[in-house]
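Read through the structure below, which is laid out as structure tokens, and then see the notes.
Values quoted throughout were computed directly from the atomic coordinates according to the rules given, and no laboratory measurement underlies them. Quick caveat, the model's predicted, so the values are computed rather than measured. Cβ placement follows ideal geometry from the backbone for every residue including glycine, while neighbour counts extend to all protein chains displayed.
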Amino acid sequence: MNYKIACIGSGNMGTALMKAAAASCGAENTGFTDSDKPKAKAAAKALGAEVYASNREAAEKADFVFLAVKPQVLSSVLEDIAPVIQKRMDAKKPPVLVSMAAGWSIVKIQSLLGLAGAHSYVPERLGPDWMDIKPVIMPEKPVPVLRIMPNTPALIGKGMIAVAASSQIPADKLAALEEFLSKAGRIDHIEERYLDAVTGLSGSGPAFVYMFIEALADGGVQAGLPRDKALSYAAQTVLGSAAMVQETGLHPGKLKDMVTSPAGTTIAGVSALEKAAFRGAVMGAVEASWKWAEKLGK
């Protein structure tokens with residue numbers, strides 16, 4: 001592929017996806033820009049990528065512009081690049097914007113980028129039930145926008161990446177995006193209304209899993225295992241158990257039952273987890289992250 005790909009922001013997630021892009025399009029066709037210039041230079045140097053002088057230069061030169069910034073600063077980034085995007089729209093050579101900002105809908109991003117030109121009002125529907133509806137000023141010619149929600153295992157090519165695309169993205173560019181994103185992990189297309197829930201589950205979920213692995217290892221240490229052995233066994237146990245779910249297609253409850261023999265050691269541990277409201281605590285963590293993602297969008 002001969003596309004130029006720019007990333008506004010050079011954090012872990014942006015760097016992980018640019019690594020995947022470089023594998024498909026070549027490092028010489030990828031680049032970073034960041035308000036933290038040394039950070040952008042370090043990320044670019046690690047991949048052999050370019051460093052753009054500004055957000056506007058990235059928006060002017062790239063075919064795909066990744067918005068890898070925090071949701072709280074996305075509005076200022078969009079306002080900065082809006083004139084360049086509008087100019088490219090007028091020339092009928094718009095870039096595809098790829099946002100990973102939690103809570104920011106496609107319509108909201110397109111609205112902020114289309115401040116010049118003719119507008120109309122459209123409903124922005126939020127939430128899984130689409131009951132929270134508000135009018136948004138919408139440009140007549142919206143910018144092509146793709147929303148993604150990756151997670152940190154993308155750093156090693158094992159990520160889970162949810163994708164929701166606007167109708168303005170050409171089929172060839174969508175296929176190109178999917179090709180290089182797949183090098184960072186598994187791609188799944190999902191309706192945009194579910195992305196906040198995805199944020200709570202797979203976006204934030206690795207942190208919960210790391211806490212579980214740490215707790216398993218601590219339990220092993222408490223039982224007398226050396227720390228390095230306990231951590232190795234805990235990590236491999238979680239890795240293998242996840243693979244069992246994916247490869248067998250069996251429900252996790254069924255797989256759990258396969259381990260829990262009558263009056264055995266495992267059911268004693270399961271009982272302890274149930275008494276501690278383990279499942280309720282995990283569900284509460286996902287819910288809290290989901291609600292926060294919704295709040296960021298509003």
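Check whether at least one residue in the stretch 189-199 is more than 17 Å from the chain's Cα centre (by Cα), within 20 Å of V69 (Cα to Cα) and among the hydrophobic types (A, V, I, L, M, F, W, C), and report yes or no. Can you show your working first?
Here is the first cut: in the stretch 189-199, the residues more than 17 Å from the chain's Cα centre (by Cα) are none.
No, because not a single residue in the stretch 189-199 is more than 17 Å from the chain's Cα centre (by Cα), within 20 Å of V69 (Cα to Cα) and among the hydrophobic types (A, V, I, L, M, F, W, C).
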Just a yes or no: is a residue in the stretch 50-72 within 15 Å of the chain's Cα centre (by Cα) and assigned to a helix (DSSP H, G or I)?
-> yes
Among the residues of the stretch 78-94 satisfying the criterion of being assigned to a helix (DSSP H, G or I) and touching a helix residue (DSSP H, G or I) at 6+ places or on another chain (Cβ under 6 Å), which is surrounded by the most Cβ atoms within 10 Å (Cβ to Cβ)?
-> L78
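Does G14 meet the test of being in a helix (DSSP H, G or I) and buried (at least 18 other Cβ atoms within 10 Å of the Cβ)?
Working: in a helix (DSSP H, G or I): yes; buried (at least 18 other Cβ atoms within 10 Å of the Cβ): yes.
So G14 passes the test.
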Set D188, D228, D196: member being in contact (Cβ under 8 Å) with a residue 24 or more places away in the chain and loosely packed, with under 14 Cβ neighbours inside 10 Å = D188
Within the stretch 259-272, work out how many residues are part of a helix (DSSP H, G or I) and surrounded by 12 or more Cβ atoms within 10 Å (Cβ to Cβ).
-> 5
